[in-house]
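A.B. asks: Handing you a structure now.
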Amino acid sequence: MCGDNQTMVTEMVLIGFQNIHRFRIVLFCPTFLLYMFTFVANLLIIVLVSTNYRLHCPMYFFISNLALADLIINTSVVPNMLRIIWMEGDSMTINSCISQLFVVYVTICAQCCILMVMSFDRYLAICLPLRYSAIMNMTVSIWLVFGSWLVGIVLILVEIIIISQLQFCSSNTIDHFFCDMAPLLALSSSEVHVLAWLDISFNILVIFLPFVCIMLSYSHILIVILKISSSKGKRKAFSTCSSHLLVVGTYYGSLLGIYMSPSIENSHNDNKLKSLLFVMLTPCTNPIIYSMRNKEIINTLKNFYSRRISKQ
């Protein structure tokens, strides 16, 4: 319980980016436009995959779920961040803060697992092409995606239940633009060492372990590609997984920079910048990578646009 001279905190104040009064419009407008582009682009991929029967296969089903995850994490953070930028700080209740944390971390876990599943899909397609259809079908892919989301929900729910029992007294200012784990635990008046170690364990389980599995899959893929005699065959094999490699590179590059880098004093601005790049850049680049480098999606988009024009 809080001491006699302390009050129980019911709201958290997020100060976002400090001393930006002169530049808040400059920061607000590009962030808003980028958010709208990200929202529309990911939503369009989901609609295209769900409505076009030619895209009803495991690979595009995984892409649509990755787009859904990007849409969720972007929408759970950016609208509130825009309000914080415009008002130069804002408050939210403890329950809202914990709920935002839950959504963000579940989505991160699901994305890591989906990227791992996609690497397994590419491994089957290149290394075991004759057995691909027997092993990977829509039923299996649905269960794999369901398991990816379920793992995130179960693991993060354990942390959230513990966090909801923490006491917050007096101090309620978070030097961030969303409720992240580290600044929230730093404000707690309760003992958080167990929770901190639990968070590290979960990070290793849902971030590092899938990354290792992805690297193992692509090491086998690389060995198979190098054994292909014709250069045309090598290019064709590599093109089937190049988009996924680019997404893995951008996603894990920003994610590891945030959650796996050592914390340094007075590095709040660096952490906020890394988090901003992760929340904004990754959901924005994923649909670009998959649409620009995938002829099937480009053709489907052209047909979708042509049908809309013909109806007008």
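The values are calculated or read from the model by the stated rules, or taken from the named source; none is laboratory data. Nothing here was measured: the structure is a model prediction, and the numbers come from that model. We place every Cβ from the backbone using ideal geometry, glycine too, and count neighbours over all the protein chains shown. For accessibility, only protein heavy atoms count, side chains too; no ligands or nucleic acids. Shrake-Rupley method; radii C 1.70, N 1.55, O 1.52, S 1.80 Å.
A.B. asks: Restricting attention to helices (runs of 4 or more DSSP H) lying wholly within the range 92-191, give those where 1 or more residues are open to solvent by 30 Å² or more (accessible area, probe 1.4 Å) and among the aromatic types (Phe, Trp, Tyr).
C.D. replies: Fully inside the range 92-191 and qualifying: 94-127, 132-135, 138-163.
A.B. asks: Among the numbered conditions (1) at pLDDT below 80; (2) in contact with an Asp or Glu (Cβ under 9 Å, 6 or more places away or on another chain); (3) not hydrophobic (A, V, I, L, M, F, W, C), tell me where residue 189 comes up short.
C.D. replies: All conditions are met except number (2).
A.B. asks: I'd like the full set of residues that are closer than 16 Å to residue 36 by Cβ and either of a type in the set (Lys, Arg) or open to solvent by 30 Å² or more (accessible area, probe 1.4 Å) (or both), limited to the range 77-91.
C.D. replies: 79, 83, 86 - these are the residues of the range 77-91 that are closer than 16 Å to residue 36 by Cβ and either of a type in the set (Lys, Arg) or open to solvent by 30 Å² or more (accessible area, probe 1.4 Å) (or both).
Okay, residues lined up against (1) under 30 Å from residue 218 (Cβ atoms); (2) in contact with an Asp or Glu (Cβ under 6 Å, 6 or more places away or on another chain):
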position: 54; (1), (2): yes, no
position: 61; (1), (2): yes, no
position: 65; (1), (2): yes, no
position: 86; (1), (2): no, no
position: 91; (1), (2): no, yes
position: 95; (1), (2): no, no
position: 110; (1), (2): yes, no
position: 115; (1), (2): yes, no
position: 119; (1), (2): yes, no
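A.B. asks: Going by what's in this entry, would residue 70 be described as of a type in the set (D, E, K, R) and either touching a strand residue (DSSP E or B) at 6+ places or on another chain (Cβ under 8 Å) or within 19 Å of residue 255 (Cα to Cα) (or both)?
C.D. replies: So residue 70 passes the test.
A.B. asks: Does residue 259 satisfy being within 30 Å of residue 185 (Cα to Cα), hydroxyl-bearing (Ser, Thr, Tyr) and modelled with pLDDT of 80 or more?
C.D. replies: no
A.B. asks: Still on this structure, I have one more. Inside the range 209-230, can you point out the residues that are surrounded by 15 or more Cβ atoms within 10 Å (Cβ to Cβ) and under 24 Å from the mean Cα position of the chain (by Cα)?
C.D. replies: 210, 211, 213, 214, 217, 218
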